[in-house]
Amino acid sequence: MKNIATITLMLLLAACGGNGDHAHSDRNGNDVHREHAQEHHGEHADQDISRLDEADRRDTPAPHPLSGTSAERFDAMLDEYFQLSDALVAASASEAAAFAGRLNEEAERFDTGHLDTDVREETSGWMETVRQRSREIAGESDVEEQRASYLDLSETLIAMVEAFGHEKDVLYHQRCPMVNGGNGDWLSMQERIMNPYHGDRMLHCGMTVRIL
């Protein structure tokens, strides 16, 4: 049993580049040097991120910007989401529940009535997912269960950012190769990887997929 546990740990560390500060292989087996992309800015960051597998850099249409109170509400939703992410990095279920509750309150106030017909229905579906997942996290005391709901929440907010843009200076679409078959995605306002799915178990495990 001890040998099996040792082998399992070695495989986990190998998938995230040993100590999480150097390189790992993406889902196609290509080495990705995360540390440069995480700690350098401007031209250097662009060069490093350009090395990522093109399959991970999806072409997205130009965003359809929100306006007025809807833009403000979406920005507030993202603020609470980033606080939630930090709580999951710290593995604090109580703080995660609190920020998820606040995210849910912002989501409940989001109005889709002014949107064009062609995006209103899809947006309503996204918002229902945001409300459901944030309620689940707010009502859960197990951080691993919270992280399971956070996965769907993150994917939905990424889709909304793609559709509507955002009010932040910059957002980073990041990914953990150890979650969801190599597609454990989340949004962050910082370049340095701080993994909300594993916390201090594999704190810097992951890569930046693209800058939004």
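Scanning the range 87-97 for residues that are under 27 Å from His64 (Cβ atoms), among the hydroxyl-bearing types (Ser, Thr, Tyr) and surrounded by fewer than 18 Cβ atoms within 10 Å (Cβ to Cβ) turns up nothing. Restricting Leu212, Leu153 to residues that are surrounded by 17 or more Cβ atoms within 10 Å (Cβ to Cβ) and touching a helix residue (DSSP H, G or I) at 6+ places or on another chain (Cβ under 7 Å) narrows the list to Leu153. When Gln174 is tested against (1) buried (at least 20 other Cβ atoms within 10 Å of the Cβ); (2) more than 11 Å from the chain's Cα centre (by Cα), just one condition goes unmet, and that condition is (2).
Any residue that is basic (Lys, Arg) and within 18 Å of Glu95 (Cα to Cα) - is there at least one of those in the range 145-160? Yes: one or more hits. Of the listed requirements (1) charged (D, E, K, R); (2) in contact with a strand residue (DSSP E or B) (Cβ under 7 Å, 6 or more places away or on another chain); (3) at pLDDT below 95, Glu155 misses just one: (3). If the condition is being touching a Leu at 6+ places or on another chain (Cβ under 8 Å), part of a helix (DSSP H, G or I) and more than 26 Å from Ala71 (Cβ to Cβ), then the range 133-178 contributes Val143, Gln146, Arg147. Listed conditions (1) closer than 23 Å to Ala163 by Cβ; (2) touching a helix residue (DSSP H, G or I) at 6+ places or on another chain (Cβ under 8 Å) are all met by Ala87, apart from (1). Residues satisfying the criterion are absent from the range 186-195 (criterion: farther than 30 Å from Phe110 by Cα, more than 12 Å from the chain's Cα centre (by Cα) and either assigned to a helix (DSSP H, G or I) or not charged (D, E, K, R) (or both)). Residues that are under 12 Å from Arg175 (Cα atoms) and part of a loop (DSSP other than H, G, I, E, B) within the range 199-212 comprise His204, Cys205, Gly206, listed in sequence order.
Only residues that are more than 18 Å from Gly184 (Cβ to Cβ) and buried (at least 16 other Cβ atoms within 10 Å of the Cβ) were counted in the range 113-129, giving 4. Scanning the range 68-96 for residues being more than 26 Å from Thr123 (Cβ to Cβ) and part of a helix (DSSP H, G or I) gives a total of 6.
The values are calculated or read from the model by the stated rules, or taken from the named source; none is laboratory data. None of the values given here were measured: they were computed from a predicted structure. Counting neighbours? That spans all protein chains shown, and the Cβs are built from the backbone with ideal geometry, glycine included.
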